[in-house]
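All of the numbers you see were taken from the coordinates with simple rules; none came from a lab. In this text, all values refer to a predicted model and were calculated from it rather than measured experimentally. Reconstructed Cβ throughout: ideal geometry from the backbone, glycine too, with neighbour counts over all protein chains shown.
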Amino acid sequence: MGQDQTKQQIEKGLQLYQSNQPEKALQLWMKVLEKSSDLVGRFRVLGCLVTAYSEMGRYKEMLKFAVVQIDTARELEDANFLLESYLNLARSNEKLCEFHKTISYCKTCLGLPGTRAAAQLGGQVSLSMGNAFLGLSLFQKALESFEKALRYAHNNDDAMLECRVCCSLGSFYAQVKDYEKALFFPCKAAELVNDYGKGWSLKYRAMSQYHMAVAYRLLGHLGSAMECCEESMKIALQHGDRPLQALCLLCFADIHRSRGDLQLGRLKLHRLSEDIYRSKGLQRELRTHVVRFHECVEEAGLYCGLCGESIGERNSRLQALPCSHIFHLRCLQNNGTRSCPNCRRSSMKPGFV
C-alpha cells in the first residue's frame with residue numbers, strides 16, 4: 001500500500017470514527033498498519049489508534065501502540081515525530097496512573113532539540129505534566145504546569161487546548177476545596193465548546209459538563225449538578241466512552257448521597273423545631289413544622305410500604321431488606337412474607353436499622 005492509498009484509508013477511518021463507528025475504524029486502521037509501506041502513513045495510523053483507544057478507555061492498548069509509534073519515529077529519524085510519540089507515551093502512562101513515568105516522558109519531550117514543542121505541542125506537554133503532578137498531589141507544581149499550558153493556549157489561539165486545561169483546573173480546584181473556581185473553569189470550558197466547538201468531538205462538551213457537575217455538587221447546587229451529569233453521561237453512552245461513564249456514575253452516586261443527607265438534615269431540623277414549639281405552646285409555629293416534616297417525608301419516600309405510615313414519626317423498630325426497601329418490623333412480621341412487598345425480591349437475610 002503506497003502513500004496516497006494509505007492517506008485515503010486513514011481519512012476513511014477518521015470518517016467512520018467520527019460517525020460513531022469506532023470498531024470499524026479500528027479494523028480499517030489495523031489493516032493499513034499491516035499493509036502500508038509508507039513510514040509517515042504508519043506513524044499517523046498509530047496516532048489514530050492511540051487516540052481512539054484512549055477515548056475508549058482501553059489504556060493498555062493505547063500504551064502498546066504508543067511504544068510502536070516511538071520505534072516508527074526513530075526509523076523516520078525526525079525529532080518532531082519523536083516528540084509527538086513521546087507525548088503519546090506520556091499520555092498513556094498518565095491514563096494508567098503511572099505518574100512518575102508521565103513526568104519523565106514529558107521532560108524528555110521538552111528536552112528534544114530542534115522541535116516544534118515551543119509553538120505547537122508544548123502546551124499539551126505541560127497539560128499532561130500538570131495532570132501527573134495533580135495525580136501525585138503535588139499541587140503547586142500542578143498549578144504551575146496548568147498555568148504554563150494556559151499561556152501556550154492563549155499565545156497560539158488554541159481554544160481546544162484551553163478547554164482541556166480549564167477542565168483540569170476545575171479538577172485541581174475541587175481537590176484544594178476552592179469550589180467557586182472549581183465551577184468557574186469548567187464553565188469557561190463549556191463556553192469555549194459553545195463558541196468554537198462545532199468541528200470538535202463531542203467529548204469536549206461531555207468533559208466540561210462532567211466537571212461542572214462535580215463543582216455544582218460540591219457547592220450544594222444538586223439540581224444543576226444532576227442536569228450536567230445527565231448531559232455528560234448521554235454523550236458518553238453515545239460514544240462508548242467507558243471511563244467517562246464510570247466518572248458520571250460516581251458523580252450520580254455522590255449527588256444522591258448529598259440529596260439524602262440534606263433530606264435527613266431537614267427532617268431532623270423540623271422534628272427538633274416541633275419539640276421546641278410544642279414545649280412552648282406555640283401552636284401556629286408547631287403546625288408549620290409538622291406540615292414541613294410531612295412534606296420532607298413525602299419527598300424522601302420515607303414511609304412504610306405496608307401500612308403507609310411515615311417512618312420516624314414514632315419510635316418504631318425498622319427492618320431493611322437486602323433490596324434496600326425499609327418497613328416497620330411489626331408490619332413485616334404481620335405480613336408473613338419472605339420476599340419484599342415492593343419489589344418481590346428475596347429477603348432471607350434482613351438487616352436491622
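Can you pick out the pairs among Lys64/Lys95; Lys12/Lys203; Lys12/Lys35; Lys12/Lys234; Lys7/Lys64 whose Cα atoms lie more than 18 Å from each other? From the list (Lys64/Lys95; Lys12/Lys203; Lys12/Lys35; Lys12/Lys234; Lys7/Lys64), the Cα-Cα distance tops 18 Å for Lys12/Lys203; Lys12/Lys234; Lys7/Lys64.
Rounded to the nearest whole Hz, the Karplus-based 3J(HN,Hα) values (6.51 cos²θ - 1.76 cosθ + 1.60, θ = phi - 60°) of the range 194-208 follow the sequence 5, 7, 10, x, 4, x, 7, 5, 4, 4, 5, 5, 4, 5, 5, with x at glycine and proline. Placing a pseudo-label 7 Å from each Cα along the Cα-to-Cβ vector at Thr288 and Ala253 gives an inter-label distance of 4.0 nm. Residue ranges 207-214, 194-201, 47-54, 222-229 sort as 207-214, 47-54, 222-229, 194-201 when ordered by packing (mean number of other C-beta atoms within 10 Å per residue, highest first).
Whole-Hz Karplus values for the range 9-14 come out as 5, 4, 5, 4, x, 5 Hz, taken residue by residue from phi with 6.51 cos²θ - 1.76 cosθ + 1.60 and θ = phi - 60°; glycine and proline positions read x. Other residues with beta-carbon under 15 Å from the beta-carbon of Leu247 carry, at +1 per Lys or Arg and -1 per Asp or Glu, a net charge of +1.
Loop-located GluC sites (Glu not before Pro) across the range 1-94 with a Cβ neighbour count of 11 or fewer within 10 Å are Glu77, with loop assigned by DSSP. Taken one residue at a time, the phi angles of the range 217-230 give Karplus couplings (6.51, -1.76, 1.60, θ = phi - 60°) of 5, 5, 7, x, 8, 6, x, 5, 4, 5, 4, 5, 5, 5 Hz. Gly and Pro are set to x.
The modelled label-to-label distance between Cys307 and Glu23, using points 7 Å beyond Cα along the C-beta direction, is 5.4 nm.
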